[in-house]
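The values are calculated or read from the model by the stated rules, or taken from the named source; none is laboratory data. Remember, it's a predicted structure, so these values are computed and weren't measured experimentally. Heads up, the Cβs are rebuilt from the backbone with ideal geometry, glycines too, and the neighbour counts pull from every protein chain shown.
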Ligand code: FNR
């Protein structure tokens, strides 16, 4: 059976550069690997234990969690906000972390960040790794993908990643991640 990898997008906006990169991943998947986007984390209320007690988990969180449980691995594709993890992504992870049989525990995870700055979201990656340590996810160390100056590497009209070196690097990261999943998953 093929390996199934799901992508979790940390940006909420429609024209997201990270979204363009995430959308390109299925085409770059190595043989025997299927990559699918998780539902959007847009419109998820802020985590509030009272809300959880009164109304349970947001349907969207339940959907995302179920798809993570069924997947062999997760790729988090996200921008960096103020040198860290965007609040919307942190909030979604906070909700997911409160579910019984926490879905990220023991789950192979790869991180990709893209930003308009030259560092490509590197500082966000290390904060995200710290969060995932507490959740006991198995975050792959290398290769790290940091897509700097991403606006110069995509065709915004067509919503496509166009930079050849970036496409090649991502293809390589995906095949290393598939091997990683087979080893630790
Ligand atoms: C940013 N941006 C940004 N870029 C970066 O390289 N380092 C940073 O710390 C930040 N901080 C930051 C904070 C906030 C609140 C916003 C809105 C933006 C710029 C960011 O890279 C740019 O907006 C990207 O286009 C966001 O990714 P998406 O939405 O295109 O995927």
Taking the range 1-29 on its own, how many of its residues are more than 16 Å from the ligand (Cβ to nearest atom) and more than 20 Å from residue 70 (Cβ to Cβ)? 2
Answer yes if at least one residue in the range 68-84 is surrounded by fewer than 17 Cβ atoms within 10 Å (Cβ to Cβ) and either modelled with pLDDT under 95 or more than 28 Å from residue 150 (Cβ to Cβ) (or both), and no otherwise. yes
Which condition number in (1) more than 16 Å from the ligand (Cβ to nearest atom); (2) on the phi > 0 side of the Ramachandran plot is the one that residue 83 fails? (1)
